[in-house]
Amino acid sequence: MKFFDLHCDTAYECRCVLSHDLKSGAHHLSLERGSYLDAWHQIFAIFMPDEQNGAMCRGDMAITHYEKVRDFIYRQEELYHDRFVICRDKESFEMSEKSGVCGAIISVEGGSACAGSLERIRKMYDDGVRLMTLTWNAENELACGVGADKKGGLTPFGREAVALMNEIGMAVDVSHLSDEGFWEVAEISKTPFVASHSCSRRLCPHRRNLTDDMFCEVSRCGGLVGINFSRGFLRENCEAKLSDILRHTEHFLSLGGEACVCMGSDFDGTDMPDGITGVESMGALYEEFLRINYPESLVNDIFWNNAHRYFSKHIFK
Ligand SMILES: [Zn+2]
């Protein structure tokens, strides 16, 4: 099977928490445990915490943190180039699929990484970043996140950032963004945008999930929504099972999302539901869709084709 995952925090977790690398280990995702996949595109987020050692992680502190995790990802490519390739262009994107290695796409989870500078967004693109989640939960230079102290959407700089990202080919990700910010992105983004790791607010009323109207807007514009495996996003009481991933997928499909729904695991960023231990469980998840009589072509769309089409068309042109 082929697996295209829109979000994991494994690089941050390995570099800043666990102090080991991507090859093996007990975290949700390792290169060894993903090696059964016939093709694998994995978005590795450089997670930007809002706070670090009691201070807001902004400005130079944010840049230093970003560079630390970025360099960790580079190092993995040096160490494991036979099984891990960073997708920077059409060639590496296609080659990693054909050769069955992990085709890594670098994202930034939190626009604080650019420290309020458009030049830094260009630099991040040069570094290989191909998707940016505008905020984490708090407010930053670009916008208010879902947990910001005040209500609000994008700042004037945030609007400029979206325009620049559209221009250079960096996907705009609205997961973690406030509802106000979501609708502003929907209004101004010239390229279809993405919610990389969010579920349905209709099924689980979590602030990080999308309302039906939000989902339909992403779907209408040709963007992507990655289903988050987080227990708290799947079930209000957090007693989530593998089947809850299907429940949220099914709801989005009922809204006409066949070309929009994909996977956004949040590996190493959250607690997994019963039945999912990590990337090694994706075979069982895939089989469960088939077992309840999903057409194979639709399952392949959800696990691979939808995200692949988006990145081929808008990012790795
Ligand atoms: Zn997240």
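The values are calculated or read from the model by the stated rules, or taken from the named source; none is laboratory data. Just so it is clear, the structure is predicted and the values come from calculations on it, not from any experiment. Cβ sites come from the backbone with ideal geometry, for glycine too, and all protein chains shown count toward neighbours. Note: accessible area is taken over every heavy atom of the protein model, side chains too, but ligands, DNA and RNA are not part of it. Shrake-Rupley method; radii C 1.70, N 1.55, O 1.52, S 1.80 Å.
Odds and ends about this structure:
- Choice from Val108, Val85, Val225 showing the highest fluctuation, given a GNM over the chain with Cα pairs closer than 10 Å: Val85
- About the Cα centre, charge dipole magnitude for the chain (Lys/Arg +1, Asp/Glu -1 at Cβ), debye: 320
- Among Ala11, Ala163, Ala143: highest mean-square fluctuation, GNM of the chain, C-alpha pairs under 10 Å: Ala163
- Entry note, the chain: the mean residue ellipticity at 222 nm calculated from DSSP H runs of n ≥ 4, each adding -39500 (n - 2.57), is -10500 deg cm²/dmol after division by the residues and rounding to the nearest 500.
- Relative contact order %, segment 2-314, counting alpha carbon pairs below 8 Å whose residues are six or more apart: 17
- Taking all protein chains together, Lys150, Lys313, Lys23, Lys98 sort by accessible area into Lys98, Lys313, Lys150, Lys23, largest first [probe 1.4 Å].
- Spin-label model distance (nm) - Thr211 vs Met56, 7 Å beyond Cα toward Cβ: 2.8
- Close amide H partners of Gly226, meaning residues 5 or more places away or on another chain with modelled amide H under 5 Å apart, are Ala195, Ser196, His197, Ser198, Cys262.
- Here the 3J(HN,Hα) profile of segment 41-56, calculated from phi with Karplus coefficients 6.51, -1.76 and 1.60 at θ = phi - 60°, is 10, 10, 7, 9, 7, 8, 6, 10, x, 6, 10, 9, 6, x, 10, 5 Hz, Gly and Pro shown as x.
- Taking the DSSP bridge list for the chain and keeping only pairs wholly inside it, about 10 percent are antiparallel.
- The listed residues Thr277, Thr155, once ranked by accessible area (1.4 Å probe) with the largest placed first, stand as Thr277, Thr155.
- Distance in nm between pseudo-label sites at Thr64 and Thr277 (7 Å out along the Cβ direction from Cα): 3.9
- Of interest is the spacing of the C-alpha centroids, which for segment 119-160 and segment 216-249 amounts to 23 Å.
- Amide proton proximity set for Phe3, modelled H, under 5 Å, gap of 5+: Ala39, Trp40, His41
- Length gained on full extension, Ile188 to Leu18, computed as 0.36 nm times the residue gap minus the Cα-Cα distance: 57.3 nm.
- Full extension of the chain between Lys313 and Asn293 gives 4.2 nm of extra length, using 0.36 nm per residue less the Cα-Cα distance.
- Computed from backbone phi, the HN-Hα couplings of segment 154-161 come to 7, 7, x, 5, x, 5, 5, 5 Hz, rounded to whole numbers (Karplus: 6.51 cos²θ - 1.76 cosθ + 1.60, θ = phi - 60°; Gly and Pro given as x).
- Of the solvent-accessible surface of the chain, computed with a 1.4 Å probe over protein heavy atoms with every protein chain present, carbon and sulfur atoms account for 47 percent.
- On a per residue basis, the chain carries 38 Å² of accessible surface, using protein heavy atoms and a 1.4 Å probe.
- Evaluating 6.51 cos²θ - 1.76 cosθ + 1.60 at θ = phi - 60° for every residue in segment 257-266, the Karplus couplings come out as x, 4, 9, 10, 6, 8, 9, x, 3, 6 Hz, glycine and proline recorded as x.
- Net charge of neighbours whose Cβ lies under 12 Å from the Cβ of Asp179, counting Lys and Arg as +1 and Asp and Glu as -1: 0
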